[in-house]
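No lab work stands behind these numbers, since they all come straight from the coordinates. Predicted model, so just to flag it, every value in this text is computed and none were measured. Using ideal geometry, Cβ is built from the backbone for each residue, glycine included, and neighbour counts are taken over all protein chains shown.
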Amino acid sequence: MKISLADIILALFLCAVSLSACGGGNNSNNGRTANRPSGENTNAAKTNVEELSLLVRVPYQAEDIVWKEDAADKKITAVLRFSPGDANRIVVEAEKFGAPVNVTIAVETWFPGELIAQGEMSGDSALKGTAYNANDFFVAPYTSGRITRIEASDYFVLEVSGS
């Protein structure tokens, strides 16, 4: 097999393009959030449980998690799905802090698809659930709020705020 100069040039070009796509540029912020252009959404939903665990206590291993932080208003909203056993334990422990209350939660566009579909089936884009005091999840400064178990599921919506 004979390799031509054009083949070598093409191979070098493809290597250069591949390496430049890796984004190995100098990033002096060491992983911190960079300044974003004004049109970029800085409040996108997150799925990192370790990051959430720095802000609130997550007492059991979540099978699914998506959350948002509103740093300006010191609020966190998280949707967590637990195993059926852990979901029941969360309810039993939460009942120690007060009686549950039936509530309705508006469905957000960043909620998991299953909850969005459940909200659409209700006809008013809302989820019914049972709310409990979220004491087991509090970490300063987030020391008030509730955790709501969504009806007929192992999903919970955690809403905490701080001062």
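Residues Tyr155, Tyr60, arranged from fewest to most other Cβ atoms within 10 angstrom of their Cβ, appear as Tyr60, Tyr155. Amide H contacts of Ser144: Ser161, each under 5 Å away and 5 or more positions distant or on a separate chain (H built 1.01 Å from N in the peptide plane; Pro and chain starts excluded). A straight Cα-to-Cα reach below 13 Å connects Lys96 with the aspartates and glutamates Asp136, residues fewer than 8 places away in its own chain not being considered. As a proxy for reagent exposure, ranking Val56, Val92 by other Cβ atoms within 10 Å from fewest up yields Val92, Val56. The HN-Hα couplings worked out from phi for the range 64-72 by the Karplus form 6.51 cos²θ - 1.76 cosθ + 1.60 (θ = phi - 60°) are 8, 8, 8, 8, 9, 10, 10, 5, 4 Hz, whole numbers, x standing for Gly and Pro.
Apply the a/c threshold of 1.5 to the C-alpha gyration tensor of the range 45-162 and tell me whether it is rounded, prolate or oblate. Since a/c stays below 1.5, the shape of the range 45-162 is classed as rounded. The stretch between Ser144 and Lys68 holds 25.7 nm of extra length on full extension. This uses 0.36 nm per residue minus the Cα-Cα distance.
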